[in-house]
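Trainee: This is the structure, below, for whatever I ask next.
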């Protein structure tokens, strides 16, 4: 059974045994004859639980559109022209700022902004990149249900109208991406992100892919969106080619929840049995740009794996590891067990950058051998992080067979970030 696995901007191919299980999203069964920009227009013309955006903007002096950063494949060229049009429709003098929601990620580069937004938008609009570590640029506006302070970018806090673009996909601890995540972690100070991503919340059984209700992380996020007065969102669902196939607009909570329930119908999948070897990816570029992001795909494999199974993840990681703290936490610990235990003994106030990603990967490595298929120059760092390195799928499968035997059961998840494995 020859399968193509997304890897960077291309694919890796491997001929898997015919009896291998394959878990996929069925989102590509959604067919639309409309262009993405028109689907967005339709959604904005019939917003959920909200007046149209042009009505919200009519008497405002300033507006901020929170936009996603380089780690998200949001089709902004479908969304932003519609949002900018409606903001200015009845109020041509409104001052608009595009605020890049980096969360705790690195700053977005100019070439990445141009790729995302296009040269016209980049040259015409005011764009500011959020800095989670700039205490002078962020301001406290309240406290979250968790007890963490809610500190957000001053530009978002002080504008007359706060709105956001985004896209919805399964998320490995927030349930789904999109919606309220534009605020938390998108434009929050690091102190807020650390408090929300604390070890107790990450460890909670509801902090998993596809779960919103009872998810303490999501409860904080929805509360933050409301307290920040996120007035209107436009979120889309995309297919495997990153084409917009559905759009949801309106109230930040209602529109996001509607998009999540739409997506859930196509993403939930149940393996016929847990497997000895599970192969996954992080969906190709831009989502597989670093090891840090690729933990998301690994969690999908975790949900389909027997205890003691081998997990293989294929990710190009053109941007390297993706976080110094993430790398050092895993490379400098004595074992995944020791690292996980240390995180569980850290208070919310002591949460460190990248801790949540390291905690989840440590949780997985406590039960599974993880083989990472990526670029040769990352070999040493991958092994330092307690994973096994393979240059090709063929090499990874040989290693997996050595561990589990040639009769091992196999599950393939071609795109680990597109599925909710139950």
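Just so you know, all these numbers are worked out from the coordinates, no wet-lab data involved. Quantities reported herein were computed from a predicted structural model and do not represent experimental measurements. Note that we place each Cβ from the backbone using ideal geometry, even for glycine, and neighbour counts take in every protein chain shown.
Trainee: Only residues of the range 126-165 count here: report those whose backbone N is under 12 Å from the spot 7 Å along Cα→Cβ of residue 97, or say none.
Mentor: 126-131, 137-139, 153-162
Trainee: Report, in whole Å, the centroid distance computed from the Cα atoms of the range 268-341 and the range 353-422.
Mentor: If we compute the Cα centre of each part, the gap is 6 Å.
Trainee: While we're here: At q = 0.10, 0.18, 0.20 Å⁻¹, what log₁₀ I(q)/I(0) does a Debye calculation on the Cα points of the range 2-128 give, no solvent, two decimals?
Mentor: Results for the range 2-128 at q = 0.10, 0.18, 0.20 Å⁻¹ read -0.48, -1.11, -1.24.
Trainee: With every atom except the alpha carbons ignored, what do you get for Rg and Dmax of the range 73-119, in angstroms?
Mentor: Cα radius of gyration and Dmax of the range 73-119 are 12.5, 36 Å respectively.
Trainee: Grab the beta carbon distance between residue 265 and residue 203, set R0 = 25 Å, and tell me the FRET efficiency rounded to 0.05.
Mentor: Efficiency at R0 = 25 Å is approximately 0.30.
Trainee: Then there is this: Quick one: grab the alpha carbon gyration tensor of the range 160-288, order the square roots of its eigenvalues as a ≥ b ≥ c, and give me rounded if a/c is under 1.5, else prolate or oblate depending on whether a/b is larger than b/c.
Mentor: oblate
Trainee: What percent antiparallel are the DSSP beta bridges of the chain, to the nearest 5?
Mentor: Among the beta bridges of the chain, antiparallel pairing accounts for roughly 30 percent.
Trainee: Per Stokes-Einstein, at 25 °C and 0.890 mPa s, what whole-number D in µm² s⁻¹ belongs to the range 151-196, with the Kirkwood radius over Cα pairs as the hydrodynamic radius?
Mentor: Result for D is 214 µm²/s.
Trainee: Let me ask something else. Please report the relative contact order for the range 29-266, taking Cα pairs under 8 Å with a sequence separation of at least 6, and give it as a percent rounded to a whole number.
Mentor: Relative contact order, the range 29-266: 25 percent.
Trainee: Quick one: what do you get for the chain if you divide its Cα Rg by 2.2 N^0.38 Å?
Mentor: For the chain, the normalised Cα radius of gyration comes out at 0.96.
Trainee: Take each of the peptides 85-94, 295-304, 325-334, 207-216, average the number of other beta-carbon atoms within 10 Å over its residues, and list them starting from the highest.
Mentor: For the peptides 85-94, 295-304, 325-334, 207-216, the packing ranking is 295-304, 207-216, 325-334, 85-94.
Trainee: Specify the inter-centroid distance of the range 6-39 and the range 104-139, based on alpha-carbon positions, in whole Å.
Mentor: 30 Å
Trainee: While we're on this one: Full extension from residue 335 to residue 58: what is 0.36 nm times the residue separation minus their Cα-Cα distance, to one decimal in nm?
Mentor: 94.0 nm
Trainee: Also: Provide, as a two-decimal number, the C-alpha radius of gyration of the range 29-266 over 2.2 N^0.38 Å, N being how many residues it has.
Mentor: After normalising by residue count via 2.2 N^0.38 Å, the value is 0.94.
Trainee: Tell me, 46, 381 in order of fewest to most beta-carbon neighbours within 10 Å?
Mentor: Least to most surrounded, the residues fall as 46, 381.
Trainee: If you don't mind, another one. Mind checking the angle between helix 216-227 and the chain's longest principal axis? C-alpha axes, 0 to 90 degrees, to the nearest 10.
Mentor: Value to nearest ten degrees: 10.
Trainee: Let me ask something else. Hey, what's the Kirkwood Rh for the range 257-377 if you take every pair of different alpha carbons, in angstrom?
Mentor: Result for the range 257-377, one decimal place: 15.5 Å.
Trainee: Return the percentage of antiparallel bridges among DSSP beta bridges fully within the range 61-187, rounded to the nearest 5 %.
Mentor: Of all bridge pairs located within the range 61-187, approximately 30 percent are antiparallel.
Trainee: Next question, about the same structure. Contour minus end-to-end for residue 307 and residue 367, with contour as 0.36 nm per residue of separation and end-to-end as the Cα-Cα distance?
Mentor: The residue 307-residue 367 span can extend by a further 21.0 nm.
Trainee: Stretched out fully, how many nm does the piece from residue 11 to residue 350 gain, at 0.36 nm a residue minus the Cα gap?
Mentor: Taking 0.36 nm per residue and subtracting the Cα distance, the gain is 118.0 nm.
Trainee: Enter the angle in degrees (range 0 to 90, nearest 10) between the Cα long axis of helix 36-45 and the first principal axis of the Cα atoms of the chain, meaning the one along which they spread out most.
Mentor: Orientation of helix 36-45: about 50 degrees from the principal axis.
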